[in-house]
Amino acid sequence: MSALLKRREFLLFLAILLLILLVRARFPSFGSPANLAAIFHDSAILIILALGQMAVILTRCVDLSVAANLALTGMATAMLNAALPGIPVGLLLLFAAGMGMALGAFNGILVWKLALPSIVVTLGTMTIYRGSIFLLSGGAWVNAHQMSPAFKAFPREVVLGLPVLSWIAIAAIAVFVLLIGRTALGRAFHAVGGDEHAAVYTGISVGRTRFWAFTINGGLAGLCGYLWVSRYAVAYTEVAQGFELDVIAACVIGGISIAGGMGTVAGALLGAFFLGAIKNALPVAGISPFWQMAISGAAILLAVAFNARAERRKGRIILKSAQSAAPVIQSSGAAS
Amino acid sequence: MTMAPTPRHIPDRLNGSFLRRLKSWETLLLAVAAAIFTFNALASPYFLDPWNLSDATFNFTEKAMIALAMALLIIAGEIDLSVGAIIALASVAMGAARQMGVETTGLVLIGAGVGLACGAFNGFLVAGLGLPSIVATIGTMSLFRGIAYIILGDGAYGGYPASFAWFGQGYVWGAITFELALLAVLAVVYGVLLHGTNFGRRIYAIGNNATAAAFSGVRVRRIRMTLFMLTGLMAGIASVCLTSRLGSTRPSIGMGMELEVITMVVLGGVAITGGSGTILGVMLAALIMGLITFGLGLLNVPGVVMSIFVGILLISVIALPRLLERMRR
């Protein structure tokens, strides 16, 4: 039990439970199974993106271009559907995931082959991808009436009591549990972020591992591009603007260390679900939606402050006497 | 300005190749700036008009003010993603104060003061609690802008006094705007601070190796705190200029500006991993970004498409030296 209490994921789970119970005490309709399913459905895209971002952050990188990738792929998919309404949804899904992967792989190649810092690369590709939407669409919107009925219906079709969008999120969670826990690539993500040099000596290619993290993340972003555009039935240049920070926030709240090497699938899932629960609880509790941003900011800071305590034990000081003589320092810094 | 006689030249590194490369970086930026300038002058007959050029400086003056402090912060190995949100909070504070009848001097003090306080809060999180700056400032970015939204909702503040408009719309001499003059003064101040003082040397020392710096007696935490406060203060000053220029406040003011500021700093040759960079480079990058935005604007290229150029420029400018290095090998 005490070991369970020390796990950040469990504490986060308790925090979410507490939040739901608190709101439920005043508003009994909140937190019912149907309501929880609705919150999960509402957070599905954030959950999928948080999983992908987790893979990238585990390798001690960060991808700021996910939201732009999502928007560009979403626009391309919507335009493809508008031009050729007969294309089956399955092909569109493949197209979206493939295009997203290509955009993610471009980030990955730059990080791998030129060893450029990921934050700068993705800052650049974020503006390039976002601008490309305008070039592609000429600034025009793709509206609901231009999309085929099948295109719009797919994510909300109910299968076994849950909409397809929720099932996709569940599938992504299952795949990530296997990928991170049961494959060599998953272990490599942890190894590269934990200690780059040790990973090299173990025979892991740091660049190639990061490349795959970016490619997988890009593929998920592309998939979410279709899901987003189809769910809201509109595609325009500013779709999901700034959403990359929500995704990173979900990861951070979920206890995934921005310094790399630490984090779990459960953490990413709970972090995203926590943000989704807050977003859904505010209107129920009658609080202005304008509070949402400040609350999620405070949640991020609390989560980071809490996680920092656990991370400080990393590394060992060999010369104890020098440490006691020297001023206390922390090795914090901008991520690579 | 007469400088004290320099005692003895101590090189930064034993092999000068790094310095030489740094020099060639600024030369490269200067060449790019000159090329864009010439291209713009040829492409549009309206480009060389002094009033047009003066107008164009508004594209970058506010961001460049923040970039000065951000450059110091990034050289020290930290980053501040909350500057856009600080602008919003400072602007909302000024708007709220105006509703209570505060006059121009008070408004400026409030704007700069809120910026400084936000910076101090960031500094407390990073230097005091030891949180990684990238996530701490993602958090405060949501928090600061969130507070701005709570106060203002979907409304707007306006009705600033006429004398307040001078900061964003006034001219100091001829076609030279107040903002440009302020930026020039600040650039000199920051240039001297970074390249001519002990404080500046310590910033480089922290950025290269914070542990080694601490062991050599540099007060790492105090300097980090100071740098975050400076960045907050510059965001506050930029907020005064921006609010004065727009004449109104909305909670979405300055949204996404942090990324443009960071692009400016990185384009200016500051290593995102810390430890190197110059103020001259950052100012040249600001000029380049301003010229691109203005030139493309004259050619009726929409803003989103301009951002593609900036993105390509950012990536190619950092990728080029690495590519050349690989080819030489």
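Overview of values
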{"quantity": "Expected 222 nm ellipticity per residue - DSSP helices of 4 or more, -39500 (n - 2.57), all of chain B, to 500", "calculated": "-23500 deg cm²/dmol"}
{"quantity": "Which of B:Leu143, B:Leu28, B:Leu186, positive extreme of dipole for chain B (C-beta unit charges)", "calculated": "B:Leu28"}
{"quantity": "Centre separation in Å (Cα based) which lies between the stretch A:8-48 and the stretch A:74-123", "calculated": "32 Å"}
{"quantity": "Electrostatic dipole magnitude of chain B [Cβ: Lys, Arg +1; Asp, Glu -1; Cα centre; debye, to 20]", "calculated": "1220 debye"}
{"quantity": "Spin-label zone in the stretch A:234-262 - amide nitrogen under 17 Å from a point set 7 Å from the Cα of A:His145 along the C-beta vector", "calculated": "A:234-235"}
{"quantity": "Point-charge dipole on Cβ atoms (K/R +1, D/E -1) for the protein assembly as shown, about Cα centre, debye to 20", "calculated": "2060 debye"}
{"quantity": "Calculated FRET value between A:Leu302 and A:Ala174, using beta carbons and R₀ = 25 Å, to 0.05", "calculated": "0.25"}
{"quantity": "P(r) weight above 36 Å for the protein assembly as shown, C-alpha pairs, percent", "calculated": "40 percent"}
{"quantity": "Loop-located chymotrypsin sites (Phe, Trp or Tyr not before Pro) in the stretch A:88-182 whose Cβ has at most 16 other Cβ within 10 Å (DSSP)", "calculated": "A:Trp141"}
{"quantity": "Trypsin sites (Lys or Arg not before Pro) within the stretch A:4-56, DSSP loop, no more than 15 other Cβ atoms inside 10 Å", "calculated": "A:Arg7"}
{"quantity": "Shape of chain A, Cα gyration tensor, a/c cut at 1.5", "calculated": "oblate"}
{"quantity": "Helical mean residue ellipticity (222 nm; -39500 (n - 2.57) per DSSP H run of 4+; nearest 500) of chain A", "calculated": "-23500 deg cm²/dmol"}
{"quantity": "A:His41, B:His195 arranged by Cβ crowding within 10 Å, fewest neighbours leading", "calculated": "B:His195, A:His41"}
{"quantity": "Kyte-Doolittle mean at least 1.6, axial Cα span of 24 Å or more - DSSP H helices of chain A", "calculated": "A:8-26, A:33-58, A:89-113, A:164-182, A:265-284"}
{"quantity": "Per-residue average of Cβ from other chains inside 10 Å of B:308-314", "calculated": "6"}
{"quantity": "Lysine-lysine proximity count for the protein assembly as shown, Cα under 28 Å, sequence distance 8 or more or distinct chains", "calculated": "6"}
{"quantity": "Dipole moment magnitude, nearest 20 debye, chain A about Cα centre, only Lys, Arg, Asp, Glu C-beta charged", "calculated": "880 debye"}
{"quantity": "Chain A: most fluctuating residue of A:Ser166, A:Ser132, A:Ser65 per GNM, C-alpha cutoff 10 Å", "calculated": "A:Ser132"}
{"quantity": "Exposure proxy order (Cβ contacts within 10 Å, fewest to most) of A:Met79, A:Met147", "calculated": "A:Met79, A:Met147"}
{"quantity": "For A:283-296, mean number of other protein chain Cβ atoms within 10 Å", "calculated": "4"}
{"quantity": "Kyte-Doolittle mean at least -1.0, axial Cα span of 30 Å or more - DSSP H helices of chain B", "calculated": "B:17-43, B:220-246, B:303-328"}
{"quantity": "For peptides B:163-170, A:301-308, A:214-221, sequence by mean Cβ density within 10 Å, most packed first", "calculated": "A:214-221, A:301-308, B:163-170"}
{"quantity": "Cα gyration tensor shape of the stretch A:144-194, rounded if a/c is under 1.5, else prolate or oblate by comparing a/b with b/c", "calculated": "prolate"}
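We did not get these values from a lab; they are worked out from the coordinates using the rules stated. Quantities reported herein were computed from a predicted structural model and do not represent experimental measurements. Glycine gets a Cβ as well: all are built from the backbone with ideal geometry, and neighbour counts include every protein chain shown.
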